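The values are calculated or read from the model by the stated rules, or taken from the named source; none is laboratory data. Keep in mind that this is a model prediction, so the values were computed, not measured. Here the Cβ positions follow ideal geometry from the backbone for every residue, glycine too, while neighbour counts run over all protein chains shown. The accessibility values were calculated without ligands, DNA or RNA, using every heavy atom of the protein model including side chains. Shrake-Rupley method; radii C 1.70, N 1.55, O 1.52, S 1.80 Å.
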Amino acid sequence: MSSETFEIIELANGDVALRRAGHKEDPLVSISFSAESLQFLRKHKVAVARAMLEAGIEAVQNLDDLEPGYFEEEDESMPVNHTIH
């Protein structure tokens, strides 16, 4: 990503999202917490979402460091849930 300015917002449905500052278009990323998570997080929801977004931005900045073929295309005909550790 370039050196654009982004903002973290709370959407009307309660999700936390990242969008370009000053733009009203759809967010680039949104985070939705389950009801159980919200009970646990309470007033810290935005702080946790911010940490998640910052980690994602850092990961994007480090994409060049990944081995070639890391993101090989998968057969999209069958949706699959992946467990990532």
If you scan segment 2-38, which residues turn out to be surrounded by fewer than 10 Cβ atoms within 10 Å (Cβ to Cβ) and of a type outside the set (Gly, Ala, Ser)?
4, 5, 13, 24, 25, 26, 36
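Going by the conditions given, is residue 51 more than 11 Å from the chain's Cα centre (by Cα) and open to solvent by 40 Å² or more (accessible area, probe 1.4 Å)?
Here the answer is no, as residue 51 does not meet what is asked.
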